[in-house]
Amino acid sequence: MALGWIWTGMVAVSVLCGCVTGKMEAVSAAALDGAAAAVELCVGMLGGMCLWMGVMELMERCSLAAGLASLFRPVLRRLLPRASRDEETLAAVSANVSANLLGLGNAATPLGIRAAQRMAQGCGGVADDELCRLVVLNTASIQLLPTTVASVRAACGSAAPMDILPAVWLSSVLSVTAGLLTARLLQAVWRD
């Protein structure tokens, strides 16, 4: 809801400035150019996203995704001990982490929502520490293959869209580490 108000405000200010400065034609042209560029980017990304979603589907059918998810279960049991008591919740969290690892944020979102809904049962409407850690894991997510970013780079004409791998690996590990450490720190401070 707030984002809708922000966008509406930005559009209103742009139109107002265009009217006041007498450059309404430039504002209209910029709006149409931006819309055309957004459609062009979406169509350009479509091929890459379809490819990686197909790879994820193949991994699921070959049980590779389940195998990848099972590799994370020992770590997730330590990070989310209460959630690991319920096998279905742990399966959703593991699948969410696996999809994020492969850079498939669109596929990870429904799994993360399912895991969060299951973890929120019995919380009384207030997120507990484990649910907050799940949000950190889902938001920061370690990525081995940044498929969405690579698709955007390819759509924008990059000759080597995957040459960002080392930077992605380092930044994603650092962001997850910083997020989990901050969650632990805030958990300790909040209880005192």
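The values are calculated or read from the model by the stated rules, or taken from the named source; none is laboratory data. Computed from a predicted model, the values in this text were never measured in an experiment. Every residue, glycine as well, gets a Cβ built from its backbone with ideal geometry; the counts of neighbours run over all protein chains shown. The accessibility values were calculated without ligands, DNA or RNA, using every heavy atom of the protein model including side chains. Shrake-Rupley method; radii C 1.70, N 1.55, O 1.52, S 1.80 Å.
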*asked:* Let's test the formula: R0 of 30 Å, r as the Cβ-Cβ distance of Val15 and Val39. What FRET efficiency results, to the nearest 0.05?
replied: 0.90
*asked:* If you average the alpha carbon positions of the range 171-188 and of the range 120-153, how far apart do those two centres end up, in angstrom?
replied: 12
*Give me the accessible area of Asp86, 1.4 Å probe, in Å² rounded to the nearest 10.*
50
*Top to bottom by accessible area (1.4 Å), largest first, where do Glu130, Glu40 land?*
Glu40, Glu130
*asked:* Sequence gap at least 6, Cα distance under 8 Å: using those rules, report the relative contact order of the chain to the nearest whole percent.
replied: 20
_Cα-centred dipole magnitude for the chain, charges only on beta-carbon of K, R (+1) and D, E (-1), debye, nearest 20_ = 500
*asked:* Give me a comma-separated list of calculated 3J(HN,Hα) values for the range 184-189, in order, Karplus coefficients 6.51, -1.76, 1.60 applied at θ = phi - 60°, integers in Hz, x for any Gly or Pro.
replied: 5, 4, 5, 4, 5, 5
*Can you send over the solvent-accessible area of Arg82, 1.4 Å probe, protein chains only, in Å² to the nearest 10?*
80
*asked:* Let me check something: with ligands and nucleic acids excluded, how do Met24, Met59 order by accessible area (1.4 Å probe), largest to smallest?
replied: Met24, Met59
_Rounded to the nearest 10 Å², what accessible area does Thr8 have for a 1.4 Å probe in the complete protein model?_
80
*Label points 7 Å out from Cα along the Cβ direction at Arg78 and Ile113: separation in nm?*
3.2
*Considering only Val75, Val13, Val152, give the residue with the highest GNM mean-square fluctuation for the chain, with springs between Cα atoms whenever their separation is below 10 Å.*
Val13
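Carbon and sulfur: what percent of the chain's accessible surface (1.4 Å probe)?
Looking at the chain in its full context, I get 71 percent from C and S.
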_With the crude spin-label approximation of a point 7 Å out along Cα→Cβ, what separation in nm comes out for Cys62 versus Cys50?_
2.1
_Helix-only CD estimate at 222 nm, as mean residue ellipticity for the chain, using -39500 (n - 2.57) per DSSP H run (n ≥ 4)_ = -27000 deg cm²/dmol
*Label corresponding to percent of Cα pairs over 23 Å apart when calculated from the structure given, among (i) 57; (ii) 36; (iii) 42*: (i)
